[in-house]
2 protein chains.
Amino acid sequence: MKKEFCSTKGNIKFAGTHLIIELWNGKYLSSLPKLRKVLQEVVKICGATLLKIDLHKFSPSGGISGVAIIKESHISIHSWPEYEYAAIDIFVCGDIDPYKAIPVLEKRLESKNIQIVELKRGVFNVTEDKIIHKEK
Amino acid sequence: MKKEFCSTKGNIKFAGTHLIIELWNGKYLSSLPKLRKVLQEVVKICGATLLKIDLHKFSPSGGISGVAIIKESHISIHSWPEYEYAAIDIFVCGDIDPYKAIPVLEKRLESKNIQIVELKRGVFNVTEDKIIHKEK
């Protein structure tokens, strides 16, 4: 089978980059049209290819779960408006730069309190000498 | 607004538990019906409430992206069958135990090589003395 691992950085081969985003003091976190628009804008600015967006609103809190499935993996948001908090994940492969999403989130959700943790998913091969998972 | 933070553990209040699952040496990772069934079974065994499942298959690799939106957040899988690898996320709030999913993944995808990282999302209040994010 053709080997098409998605991302490389130096000698590191990996499947994708996953940003774990903690957003506090955010606004509009119970607005379906707003969060749909934010997801669309994030997909666009990252240069990803949108396959589907789904949003669901919960009562009585007004919290929203939204997932954009993109060709390069997914972007999700789960909001707790009663705490002005949203858990946002941006999982991408290939040449996509997920950090381009951050200014959009800051601006559209009016948050100045965003923390980010970056994970590499599916780390395959670190150096020529130290194989984590052998190529088949 | 009513305060309904989803999860507590001792003095820790937080929005949800997020398992980052790295699955290697897995089988059936290019089978849409298989991965749909796995997502359904994981939702069921965790006692979560399914809202929607979406799966997309990519060519030429045969990789699949699947997301189950649940009332308690989401479960996602992205597979790279050419490396027998899948990135799986289980993000839940409330009393759901996401670890119940692991034996299902092991059995159904025939993998004996699963690593798990657990994250708490939206950590709100650690002790009475040390407030991370103040209640409104």
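Here A:Glu22 clears all of (1) in contact (Cβ under 8 Å) with a residue 60 or more places away in the chain; (2) under 20 Å from B:Ser65 (Cβ atoms); (3) within 9 Å of chain B (Cβ to nearest Cβ) except the condition numbered (2). In this entry, B:Glu72 is excluded by the filter for residues that are within 25 Å of A:Gly66 (Cα to Cα), modelled with pLDDT of 95 or more and open to solvent by 10 Å² or more (accessible area, probe 1.4 Å).
Yes/no matrix, rows are residues, columns are (1) out of contact with any Asp or Glu (no Cβ under 7 Å at 6 or more places or on another chain); (2) surrounded by fewer than 23 Cβ atoms within 10 Å (Cβ to Cβ); (3) in a strand (DSSP E or B); (4) at pLDDT 95 or above:
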position	(1), (2), (3), (4)
A:Leu19	no, yes, yes, yes
A:Lys34	yes, yes, no, yes
A:Lys37	yes, yes, no, yes
A:Val42	yes, no, no, yes
A:Pro60	yes, yes, no, no
A:His78	yes, no, yes, yes
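Here is a yes/no grid of residues against (1) of a type in the set (Val, Ile, Thr); (2) within 11 Å of another protein chain (Cβ to nearest Cβ); (3) open to solvent by 10 Å² or more (accessible area, probe 1.4 Å):
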{"position": "A:Ser31", "(1), (2), (3)": "no, no, yes"}
{"position": "A:Gly47", "(1), (2), (3)": "no, no, yes"}
{"position": "A:Lys52", "(1), (2), (3)": "no, yes, yes"}
{"position": "A:Ala87", "(1), (2), (3)": "no, yes, no"}
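B:Ser65 meets all of the listed conditions (1) open to solvent by 10 Å² or more (accessible area, probe 1.4 Å); (2) part of a strand (DSSP E or B) but one, namely (1). Quick one: in segment A:99-120, of everything that is within 14 Å of chain B (Cβ to nearest Cβ) and outside any strand (DSSP E or B), which residue is nearest to B:Ser76 (Cα to Cα)? Among those residues, the one meeting the criterion is A:Ser111.
Being surrounded by 24 or more Cβ atoms within 10 Å (Cβ to Cβ) and in contact with a strand residue (DSSP E or B) (Cβ under 8 Å, 6 or more places away or on another chain): is that true of B:Glu106 here? Give the steps one after another, and end with the answer.
Working: surrounded by 24 or more Cβ atoms within 10 Å (Cβ to Cβ): no; in contact with a strand residue (DSSP E or B) (Cβ under 8 Å, 6 or more places away or on another chain): yes.
No, not satisfied.
Filtering segment A:25-46 down to residues that are within 13 Å of the chain's Cα centre (by Cα) and in contact (Cβ under 8 Å) with a residue 40 or more places away in the chain, which residue is nearest to A:His78 (Cα to Cα)?
First, pick out the residues of segment A:25-46 that are within 13 Å of the chain's Cα centre (by Cα): A:38-46.
Now restrict to residues that are in contact (Cβ under 8 Å) with a residue 40 or more places away in the chain: A:38, A:41-42, A:45-46.
Details: A:Val38: 13, A:Glu41: 17, A:Val42: 15, A:Ile45: 20, A:Cys46: 20 Å.
Going through the qualifying residues, I end up with A:Val38.
Is it the case, given these coordinates, that B:Thr8 is at pLDDT below 95 and among the hydroxyl-bearing types (Ser, Thr, Tyr)? So B:Thr8 passes the test.
Scoring B:Ile70 on the criteria (1) more than 9 Å from chain A (Cβ to nearest Cβ); (2) over 14 Å from A:His74 (Cα atoms) leaves a single failure, condition (1).
Whether any residue in segment A:10-19 is within 26 Å of B:Cys93 (Cα to Cα), within 13 Å of another protein chain (Cβ to nearest Cβ) and over 10 Å from the mean Cα position of the chain (by Cα) is what I want to check. Scanning segment A:10-19 turns up at least one residue that is within 26 Å of B:Cys93 (Cα to Cα), within 13 Å of another protein chain (Cβ to nearest Cβ) and over 10 Å from the mean Cα position of the chain (by Cα).
The values are calculated or read from the model by the stated rules, or taken from the named source; none is laboratory data. The structure presented is a predicted model; accordingly, all values stated were derived computationally and were not measured. Cβ atoms come from the backbone with ideal geometry, glycine included; neighbour counts cover every protein chain shown. All accessible areas refer to the heavy atoms of the entire protein, side chains included, with ligands and DNA or RNA removed. Shrake-Rupley method; radii C 1.70, N 1.55, O 1.52, S 1.80 Å.
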